[in-house]
Every structure is written in C-alpha cells, then in structure tokens.
1. In the full protein assembly as shown, how much of R176 is accessible to a 1.4 Å probe, in Å² to the nearest 10?
2. Just subtract the alpha-carbon distance of R102 and T286 from 0.36 nm times their residue separation and send over the number in nm, one decimal.
3. Dividing the Cα radius of gyration by the Kirkwood radius, what Rg/Rh value follows for the range 72-216?
4. For a quick check: with amide H placed at 1.01 Å from N, whose amide H comes under 5 Å from R275's, ignoring anything fewer than 5 positions away on the same chain?
5. Cα centroids of the range 167-224 and the range 410-431: how far apart, whole angstrom?
6. Grab the alpha carbons of the range 36-116, take their convex hull, and tell me the volume per residue in Å³.
7. Quick check: with the 1.4 Å probe, what order do D405, D127, D244 take by accessible area, largest first?
8. Give the lysines whose C-alpha is closer than 23 Å to that of K206, dropping any in the same chain fewer than 8 places away, or say none.
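The values are calculated or read from the model by the stated rules, or taken from the named source; none is laboratory data. Just so we're clear, the structure is a prediction, and the values are computed from it rather than from any experiment. Note: ideal-geometry Cβ built from the backbone for every residue, glycine included; neighbour counts use all protein chains shown. Accessible surface is based on the protein model in full, side chains and every heavy atom, while ligands, DNA and RNA are left aside. Shrake-Rupley method; radii C 1.70, N 1.55, O 1.52, S 1.80 Å.
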Amino acid sequence: MFRRRVFWIGLVVALALAGGGYGYYHAVYLRGQEPEDTLMTAQVARGDLILSVSGSGVLRPSSEKQLGFETEGYVDEVLVEVSDRVQEGDLLARLDAQDLERAVFEAELNLHAAREHLAETTEPVADAELASARSALQSARAALTIAQYNYENAQISDLVADVRSRQIAFQYAVDRYWEAEENSSDSSTLEKRWNSWASTEYEFNKALQALEVERLEAANQLDQARNRVLQAEEDLASLQGGADEKTVLQAELRVRRAERALETARQNLTAAELRAPFAGTVVEVTAMAGQRAGTTAILTLANLDSALVQFWVEESDLTGVAVGHRVEIEFDGLPEKIFLGEVIRIDPALVRVENTLAVQAWARLNLAAQQVNLFGDMNAIVEVISAEAREVVLAPVQALREIGDGQYAVFVVQPDGELALRPVEVGLKDFVNAEILSGLEGGEVVSLGQRTVSSTTAERAPQEIPGLPGGRMFDGGGVPGGGRAVPGGGP
C-alpha cells in the first residue's frame with residue numbers, strides 16, 4: 001500500500017566513494033599489509049534537496065451527483081455516453097413528452113379563454129362585448145368540433161383494425177375446432193384446436209378492451225369540450241344579463257386556476273428533460289431509449305476538472321504532511337506523467353489501511369494545463385513535498401561536526417592537504433545531505449573522517465578529528481520524513 005522512500009545520493013556519494021576507494025587502493029594494495037589511517041573526503045557540489053514522504057491514494061471527484069427525472073415516463077432519448085464532458089444546463093436525456101406538450105397547449109388555450117372571459121365580464125356591457133362573448137362561444141364550439149373529430153377518429157383507429165383481425169382469427173379457430181369435432185379427430189388434434197380457440201379468444205377480448213379504453217378517453221374529452229361550450233353559453237348569457245360582483249369574482253378565479261394549470265403543465269414538461277446541474281464528466285449511464293424511467297437515477301455526473309486525491313501515509317510520516325504542502329501525483333493508469341497539487345485537508349484521526357495505522361489526507365489537483373481524461377477511483381502514488389531547496393550548496397551530513405546547539409562546522413581540505421575547521425550555517429538536511437547556507441562553496445573538499453584499513457580490509461568507525469574538543473559526527477537522526485538530493489549544475 002505504501003511506497004518506501006528512495007534517497008538520491010547522486011554526485012556527493014559518488015565523490016565520497018571515489019575518494020574513499022582511492023585511499024583504500026593505495027592503503028591496501030600498494031602498501032601491502034601495513035595498517036594505515038585513510039582520510040575520507042567528498043567534494044561539495046550544487047544540487048537540489050527535497051524532503052518528502054510517500055503514500056498511496058485514490059482519485060475522488062470534487063462533486064458527484066446521481067441524476068434522475070422529476071416525473072415518470074418512457075425515455076425518448078439519451079444524449080450522452082460515459083466519459084462525455086458536458087456543461088451546466090446541457091440536455092442529457094428526455095422523456096417522451098407528446099402528452100405533456102399537448103397538456104401545455106390546452107392549458108394555454110384555457111388561460112386565453114379565461115382572460116378573455118374576465119375582460120368581457122369587467123367591461124361595460126356593449127355590442128363589442130357581446131360580440132366577444134359570441135366569439136368565445138364559437139371558439140368553444142370549434143374546440144367541441146375538434147373533440148368530436150378525435151372521438152370519431154378513435155372509432156376507426158388502428159385498434160379497430162386490430163380488433164377486427166383478432167375477431168377473424170378467433171372465428172377461424174372456433175370453426176377449426178368444430179371441424180375437427182365433426183370429423184372425429186384424435187384427442188391431440190382436438191386439444192391443439194381447443195387451445196387455439198382459447199388463445200385467440202383471449203387476444204380478441206384484450207383488443208376489445210383496448211379499443212373500449214380509447215373510446216372512453218375520446219368520449220371523456222368530448223364531454224369536456226361540451227362542458228366548455230355550456231360554460232361559454234352561460235358566460236354569454238351572464239354578459240347579456242349584466243355582470244354582478246359574484247360573476248366577476250368567479251371570472252377572476254377562473255383566470256387564476258388557468259394560470260396555475262398552465263404553470264403546472266409547463267413544469268411537467270420541463271421535468272421531462274434531464275439537464276446537467278454543473279459542468280462535469282458523465283461516469284455512468286443506466287438508461288436507454290424506450291425504457292420506463294422515473295425519479296430514480298439513470299446517470300451519474302462527476303466534476304473531475306477540480307478533482308481531489310484521497311491519500312494515506314504511514315503514521316511515522318505524520319510530521320511530513322501539512323496543509324499547503326505541495327504534492328506530486330502519479331496515476332497507475334498514466335505512468336510517468338506527474339500531476340501537481342496541494343494538500344488541503346488532514347483528517348484528525350488515524351485510519352487503518354491494510355492493518356496499518358495511517359494518516360488520511362486530501363490533495364487538490366491542478367489540472368489547468370493538463371489535457372487528459374481522468375476517471376474516478378484511479379489509483380495514485382502521492383509524493384508530499386514538505387520542504388525543498390533548489391540549486392543550493394550540498395555537503396554530506398557525515399562531514400558536519402556539531403559544535404553547539406544547532407551550530408555546525410566542517411573540516412575543509414586545504415590545497416596542501418591540511419585540514420581547516422570552518423563554521424557553516426546549515427539549512428535543510430536529510431539522512432544523507434545538508435544544505436549549506438554559508439561557509440562553503442561548490443567545488444571545495446571536506447573531510448568525512450578517517451578510517452583504518454588493514455590487510456583483511458576490516459574497517460572501524462570514522463574517528464573524531466583531533467583538536468576538536470567534544471566534536472562528533474552528525475548522524476542525520478531526528479530529520480522528519482524522507483528526502484532526496486538531486487545534485488546538478490557542477491561545482
């Protein structure tokens with residue numbers, strides 16, 4: 001789960017080994033079996049020092065929402081697929097809205113009629129008003145004519161042809177059965193023809209019921225149209241007789257009801273469209289055209305443009321993670337591509353990851369310059385940069401001598417081979433290298449201590465340099481987190 005740290009020793013260690021190897025070669029192979037103290041040295045170089053801790057994580061959308069319609073119906077069209085990017089307000093899917101569109105149209109007609117009626121009711125009675133009332137009545141009668149046409153059309157619809165076809169099939173099955181009965185056919189033939197009789201009779205009755213439902217619906221609409229005609233006739237009669245306060249109030253109430261009905265019809269029509277509530281990426285689609293859908297989710301939209309990475313580091317690396325620290329992230333699905341981000345949250349309680357206590361944190365990715373498609377739940381390797389120094393003077397921590405609380409010095413190898421003690425100011429340090437803020441320049445050679453080489457190549461620990469009371473080697477202990485030194489640029 002967790003990735004181990006890798007320390008880049010690089011040029012500094014290579015130089016140290018080179019110096020030590022050279023001394024070892026002369027001490028052992030050129031001078032035979034005689035033990036000799038060898039001075040270990042390293043050349044100071046410029047490079048980068050980065051303190052970091054590593055962990056593993058998972059990509060999480062900054063926002064994710066499951067979307068469904070606000071009403072029920074059959075899906076007419078799904079306009080997006082998984083991985084499609086959409087903008088806020090884009091149409092994602094729609095239901096079959098023919099009935100809803102018709103309802104809006106009828107509601108608009110009713111509102112128009114109600115407003116005309118109110119205007120006619122409140123205006124002084126005049127020949128023009130009477131003419132308007134008569135016009136409204138004519139409109140209602142025209143609507144009745146349309147309803148009558150729809151009713152008659154229902155009588156000759158495709159259902160009628162279906163009923164006729166089912167009836168013929170049923171009659172044929174009956175005749176076939178009696179034919180077999182009269183010819184004394186075997187029981188198997190009789191049973192088959194009896195079953196055919198029963199099934200065709202069932203289909204015939206079912207077609208009759210469907211036709212009856214259509215006729216009843218058309219008849220209901222026809223009755224409503226007739227009622228509107230009656231209402232228009234009453235309105236005209238009321239206008240002719242003069243409007244009283246009660247009539248005006250009723251006309252106003254009719255307008256309000258018509259307005260609410262139109263608003264409801266429009267809301268129902270809008271609810272048949274599923275639009276994106278925010279810009280994002282479609283990560284799941286579960287519906288297709290022709291499928292019945294309702295308020296349950298049919299697709300999932302996620303905002304991956306400002307994605308978050310949920311990640312974990314070992315408990316021992318707690319001090320290496322803080323809000324604001326820069327992170328470098330590499331996804332398993334996009335190897336060798338580094339994404340940059342920033343730690344935005346550290347959860348206050350440890351969690352258990354694969355039976356190991358870990359710190360759980362969150363980082364926000366900077367995707368402004370990235371032209372890639374990311375997907376939720378992608379696995380990631382996270383490197384948290386707690387501190388870094390670029391193009392600075394680096395010296396091995398083995399060269400440091402602690403001469404006081406937080407004060408250090410090094411032995412610099414002079415051109416004549418002599419050692420000179422020089423105080424240095426130390427900045428960042430890891431287990432291998434230290435940033436030298438002042439006191440050393442690139443290219444200078446420092447002492448790492450002495451070792452005694454024998455014919456058996458046995459070594460003992462580096463010795464303290466004589467003449468430095470209380471001086472000791474700096475072992476790099478107590479440095480929080482890991483780190484890496486990347487030397488470069490030359491002395």
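1. Using a 1.4 Å probe on the heavy atoms, I get roughly 90 Å².
2. Net length gain for the segment: 63.4 nm.
3. Rg/Rh for the range 72-216 comes to 1.28.
4. When sequence neighbours closer than 5 places are left aside, the close amide H contacts are L92.
5. 107 Å
6. 248 Å³
7. Sorted descending by solvent-accessible area, the residues read D405, D127, D244.
8. Partners within reach: K192.
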